[in-house]
1. Would you point out which residue out of LEU497, LEU419, LEU483, LEU441 is free of Cβ contacts under 8 Å to residues at least 12 places away in the same chain and not small (Gly, Ala, Ser)?
2. Across region 157-185, what is the number of residues that are of a type in the set (Val, Ile, Thr) and in a helix (DSSP H, G or I)?
3. When you go through ASP107, ASP68, ASP77, ASP47 one by one, which is the residue that is more than 28 Å from ASN499 (Cα to Cα) and either in contact with a helix residue (DSSP H, G or I) (Cβ under 6 Å, 6 or more places away or on another chain) or in contact (Cβ under 8 Å) with a residue 12 or more places away in the chain (or both)?
4. For LYS128, all conditions in the list (1) among the basic types (Lys, Arg); (2) in a loop (DSSP other than H, G, I, E, B); (3) closer than 20 Å to TRP273 by Cα hold save one; what is the number of the exception?
5. So for region 119-132 (the condition being touching a Phe, Trp or Tyr at 6+ places or on another chain (Cβ under 6 Å) and crowded, with 18+ Cβ neighbours inside 10 Å), does at least one residue qualify?
6. Looking at GLY404, is it assigned by TED's automatic domain parsing to the domain that holds ILE491 and within 30 Å of ASP504 (Cα to Cα)?
7. Across region 500-521, what is the total count of residues that are more than 17 Å from the chain's Cα centre (by Cα) and touching a residue at least 12 places away in the same chain (Cβ under 8 Å)?
8. I'd like the full set of residues that are of a type outside the set (S, T, N, Q) and surrounded by fewer than 16 Cβ atoms within 10 Å (Cβ to Cβ), limited to region 226-252.
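The values are calculated or read from the model by the stated rules, or taken from the named source; none is laboratory data. Owing to the predicted nature of the structure, the values given are computational and were not obtained by experimental measurement. So basically every Cβ, Gly included, is an ideal-geometry build from the backbone, and we count neighbours across all protein chains shown.
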Amino acid sequence: MALKNINPTKTNAWKALTNHFEENKNINIKDLYKDDNRKQEFSLEFDDLLVDFSKNRITNETIDLLVDLANEVDLKDAIEKQFSGEIINVTEGREVLHTALRSTSEDPILVNGKNIKPQIQAALRKIKSFSNKVISGKWKGYTGKSITDIVNIGIGGSDLGPDMIVESLKFYKNQLNTHFVSNIDGDHVSEIIKTLNPETTLFVIVSKTFTTQETITNAETIKNWFLKSATIFDIPKHFVAVSTNLEAVDNFGIDKNNVFPMWNWVGGRFSLWSAVGLSISLSVGFNNYRALLDGAEEMDLHYRNTDFKENIPVILALLSIWYNNFYGAETEAVLPYSQYLSKLPSYLQQAIMESNGKGVDRNGDKVDYQTGTIVWGSTGTNMQHAFMQLVHQGTKLILADFIGYKESLYGLTDHHKKLMANYYGQMEALAFGKTKEDVHLELQFSGDKEKINQLLPFKVFEGNRPSNAILFDKLTPKSLGKLVALYEHKIYTQGILWNIYSYDQFGVELGKELANKLLKA
């Protein structure tokens, strides 16, 4: 058994945390802030990243006890096992090595006794060479014209990751237009192809098995559309594949030289770092794609080598456990203050909920404690005019991650000052609220004296609502890589603490099986 199998609720640390919670559950963030050093003490810096977790219902003792829990379930051992390529996806008999995809170290990583580093480097060289050909216009379509549009055809991890990154890095994109087809809903594919010119469009089909129902149905529809104006001999100029099923790819008409590898040791929802990210490299250029990988590698090294008390993914995971398992908070909001990151919450929904949505532990026994958090969110300031009412004054406790950037990309400083004033203002309002006395004064000054008693209860904010500030200097390919890897490592840490397997996803299978049965019927 690669991973240790420790029920967290049976540990000494869990018992100590339970007692600590009973004694401190009514703690108020406002009172904790009476300590002048609070912000400094509960902040972590890592290069261009600052994480401030001072606005949480925690003391130093809380962090110490949570770190004790991480030590008692031997998180360190689990992290080493992942990075060194042990079979930690036990139910599927696989290694989990998305970290190897961005590693620049020469140290070998062995899978079935073979070093995988040379395969990774070869794939990156192929992605680079292909991207350069298409972007420079040297790659020609069947009528001799250069490519203007890229269409990524995939679903789940073969769509959400690349789509999110391409949207997030729009500022860095080249002249190519990138589109994503995922849903089996025929209206989706129809809407996308209606504006495309078959002579100048390149299709990237992403499917490990080349049998995924949605992807292959969409690919066949697109191929039929393409063949209305071209011939089967033109397919190699316009279709490439990221797959392991060479036979099916060949039958489709794709040239074997235009097939990019996928590996068994990379899970779908962690695969944007592999050739699945081909559409990213095409959209923003290989150098920016490499910078994305480099940012992720920096976070990998931080996660692997930093003490838990200073370890950003570990601390964020421990806070999540604290609210989920002790306060009974079931959801977490991800709130990026950048319109570029509008697809990040959807991406993280798959990454987090498909990974940790498990009801049995690593023994195969039903768990009697909460696992998995429900993740949702949207961009600031849009969401302030939408669902933030519930976060501020509703009956639910919701931990919120606010993601911000010190500088904007286009440099409209007036806009950015207002954006960041809202970023900080929301967290302050959540933490500190507004007392009856504050409201009373406000209504007196505004001349609403006769309405004071009537309006008072509606205008009070209880506060004491937790949040984390995740602040980068600037949105770059590198900082984005760091951010995505941060959440990946948070997911794995939570899975280890909950004693579940984060890397299988059998829960998505039954619906597919039944759909196939109904289709035949």
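1. Details: LEU497 fails: free of Cβ contacts under 8 Å to residues at least 12 places away in the same chain; LEU419 fails: free of Cβ contacts under 8 Å to residues at least 12 places away in the same chain; LEU483 fails: free of Cβ contacts under 8 Å to residues at least 12 places away in the same chain.
Step by step, each of LEU497, LEU419, LEU483, LEU441 is checked, and only LEU441 is free of Cβ contacts under 8 Å to residues at least 12 places away in the same chain and not small (Gly, Ala, Ser).
2. Selection size over region 157-185: 2.
3. Just a single option satisfies the conditions, and that option is ASP47.
4. Against the list (1) among the basic types (Lys, Arg); (2) in a loop (DSSP other than H, G, I, E, B); (3) closer than 20 Å to TRP273 by Cα, LYS128 comes up short only on (2).
5. There is at least one residue in region 119-132 that is touching a Phe, Trp or Tyr at 6+ places or on another chain (Cβ under 6 Å) and crowded, with 18+ Cβ neighbours inside 10 Å.
6. So GLY404 fails the test.
7. So the count comes out to 8.
8. Step one: of region 226-252, the residues of a type outside the set (S, T, N, Q) are 226-228, 230, 232-242, 246-250, 252.
Answer for region 226-252, where residues must be of a type outside the set (S, T, N, Q) and surrounded by fewer than 16 Cβ atoms within 10 Å (Cβ to Cβ): LEU227, LYS228, ILE232, PHE233, PRO236, LEU246, GLU247, ASP250.
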